[in-house]
Number of protein chains: 2
Amino acid sequence: MSNGSTTRRDQIRLAAEELFRTRGYLATSMRHIADKMELSGGGSLYAHIHGKEDLLWEIAIDAIDTFIAAQDVVWARDLPPIEKLREAMIAHVSVIMNQLGAAAVYFDEWRHLGDERRQEFAARRDAYEQRFQALIHAGIESDDFAIPDERFATLYVLGALNAIRRWYRPDGRLSPDEVANLMAESVLNGLLKR
Amino acid sequence: MSNGSTTRRDQIRLAAEELFRTRGYLATSMRHIADKMELSGGGSLYAHIHGKEDLLWEIAIDAIDTFIAAQDVVWARDLPPIEKLREAMIAHVSVIMNQLGAAAVYFDEWRHLGDERRQEFAARRDAYEQRFQALIHAGIESDDFAIPDERFATLYVLGALNAIRRWYRPDGRLSPDEVANLMAESVLNGLLKR
DNA sequence: AATCCGGCCTAACGCTTGTTAGGTCAGGGT
DNA sequence: ACCCTGACCTAACAAGCGTTAGGCCGGATT
């Protein structure tokens, strides 16, 4: 764990992200994180952070912000509804593939946040997912989709896309672009009328 | 936690299943399980079980067996390949909807098994998933599918189907049959040529 | 009447956890 | 020369963990 330009704090966050992804939040102790940083005791970390849950919280919130930022880029473009949905899908899975650690927190580990933060996270995530539902709503309105139920269609789309975090590996056979395109194409086909 | 015909041991397994689903395995203590059984201390459980991990293991293995049994029924029927795949999908999501607790262990919590058991679980699960890949292989051979990559198609299908465990609720708007059919239909559409 | 046994209680164990406190040490600014 | 600051070490803490041991009790068995 050596690095040049990033602050020590960021290095800790990165180590935590990786461990939270591979072991899970609860199975990762402060001593594990310290180990990965080549420090000799969990106590050393507390010069840089306030506590374990703060790490989880920061990773979770930054993950949401990354998803939203990627979505903003797509929404700014002038595209027909279905093409916009396709691009939104591609952006979404691209964020996951680029940030597997953050994605693990975003999808799974966030539930170990304290009550207050967990509720705020859920609210922000719901707001993000609502943007997908809006795009899907447009597709149903224009009678392009085979699925009449807006909510079901949204859950189907996001569920199918999010599954990628469980099997995608950066050193895999297919390039990130290939995976993103294949994924968006397949899920969109599942939505469209035949 | 009162019941008539089931053994005390099965009641404990049921309580554990529910807690593993809602809190996660690591966040569930033996004292939590005892609480749910209205016992006044974690020690009381050890008259019935050998240890916490044994509970996880039993739930995981029974989940696999349930998936396989459902699949056997489908394979025994004489159906054209694509219809067989559709029925396999329906059976798969039906098991998930009927056993949300076991599904949580099957998909997420199994990784907290010890090394040996974890490897055996992974092997059995891979064997199960291989059956889906065989059905998909047939569809690609007969030139019915738009996705040429067999492995990707399998991951797409299972990923999309499995996502259901994250949002399906037994008291939801749609009936289990409606959900299963919609799900299979959508995912299959994503696979087929247009 | 004596025995057994399943079911539960309570207390305790050794261990790991997140976190705190106090000390050391090097490097830079004044 | 002095001090400050960031980074780290070590030891300790209180709490929670999985698990064990020993005892109690009611009902069935012999």
Whichever residue in region A:56-113 is among the aliphatic types (A, V, I, L, M) and in contact with a His (Cβ under 8 Å, 6 or more places away or on another chain) and, among such residues, is nearest to A:F20 (Cα to Cα): A:L56
Residue in region B:21-28 that is away from DNA strand C (no atom under 16 Å from the Cβ), surrounded by fewer than 16 Cβ atoms within 10 Å (Cβ to Cβ) and not basic (K, R) present: yes
Helices (runs of 4 or more DSSP H) within region A:83-194 that include 3 or more residues over 30 Å from A:A15 (Cα atoms): A:115-141, A:150-162, A:176-191
Of all residues in region B:166-193 being more than 9 Å from chain A (Cβ to nearest Cβ) and surrounded by 21 or more Cβ atoms within 10 Å (Cβ to Cβ), the one that is farthest from the chain's Cα centre (by Cα): B:A184
Condition check for B:E178: more than 19 Å from B:I82 (Cβ to Cβ) and acidic (D, E): yes
Conditions (1) of a type outside the set (S, T, N, Q); (2) on the phi > 0 side of the Ramachandran plot; (3) within 16 Å of the chain's Cα centre (by Cα): number failed by B:I61: (2)
Residue satisfying condition, being under 17 Å from A:I96 (Cβ atoms) and touching a helix residue (DSSP H, G or I) at 6+ places or on another chain (Cβ under 8 Å), within set A:I49, A:I59: A:I59
Condition met for B:I49 (under 19 Å from B:M30 (Cβ atoms), among the β-branched types (V, I, T) and within 16 Å of DNA strand C (Cβ to nearest atom)): yes
Residue match in region B:109-121 (condition: modelled with pLDDT of 95 or more, under 23 Å from B:R166 (Cβ atoms) and surrounded by fewer than 19 Cβ atoms within 10 Å (Cβ to Cβ)): yes
For B:L113: the one exception among (1) within 14 Å of chain A (Cβ to nearest Cβ); (2) closer than 26 Å to A:E150 by Cα; (3) not charged (D, E, K, R): (2)
Residues (within 16 Å of DNA strand D (Cβ to nearest atom) and closer than 30 Å to B:G190 by Cα) located in region A:44-101: none
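Matching residues to (1) more than 20 Å from A:G159 (Cα to Cα); (2) touching a Lys or Arg at 6+ places or on another chain (Cβ under 6 Å); (3) among the polar types (S, T, N, Q):
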position: A:I49; (1), (2), (3): yes, no, no
position: A:I68; (1), (2), (3): no, no, no
position: A:M89; (1), (2), (3): no, no, no
position: A:N98; (1), (2), (3): no, no, yes
position: A:A103; (1), (2), (3): no, yes, no
Output for region A:162-183, where each listed residue is closer than 21 Å to A:R194 by Cβ and in contact (Cβ under 8 Å) with a residue 12 or more places away in the chain: A:N181, A:M183
Selected residue (only one of A:A63, A:A76, A:A27 is among the small types (G, A, S) and within 14 Å of chain B (Cβ to nearest Cβ)): A:A27
Criterion: without any contact (Cβ under 8 Å) to a residue 60 or more places away in the chain and more than 30 Å from B:T28 (Cβ to Cβ) - qualifying residue of A:E116, A:E150, A:E129: A:E150
Filter result for B:A163 (surrounded by 14 or more Cβ atoms within 10 Å (Cβ to Cβ), touching a strand residue (DSSP E or B) at 6+ places or on another chain (Cβ under 7 Å) and either among the small types (G, A, S) or within 9 Å of chain A (Cβ to nearest Cβ) (or both)): no
Test: residue in region B:128-142 that is more than 8 Å from chain A (Cβ to nearest Cβ), in contact with a Phe, Trp or Tyr (Cβ under 8 Å, 6 or more places away or on another chain) and modelled with pLDDT under 95: yes
Check on B:I61, β-branched (V, I, T) and within 15 Å of DNA strand C (Cβ to nearest atom): no
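Let's see how each residue does on (1) within 12 Å of DNA strand C (Cβ to nearest atom); (2) surrounded by fewer than 17 Cβ atoms within 10 Å (Cβ to Cβ); (3) farther than 23 Å from B:N98 by Cβ:
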position	(1), (2), (3)
B:L14	no, no, no
B:L19	no, no, no
B:R31	yes, yes, yes
B:S40	yes, yes, yes
B:E53	no, yes, yes
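The values are calculated or read from the model by the stated rules, or taken from the named source; none is laboratory data. Just so you know, these numbers come straight off a predicted model, no measurement behind them. No Cβ is skipped: glycine too gets one built from the backbone with ideal geometry, and neighbour counts run over all protein chains shown.
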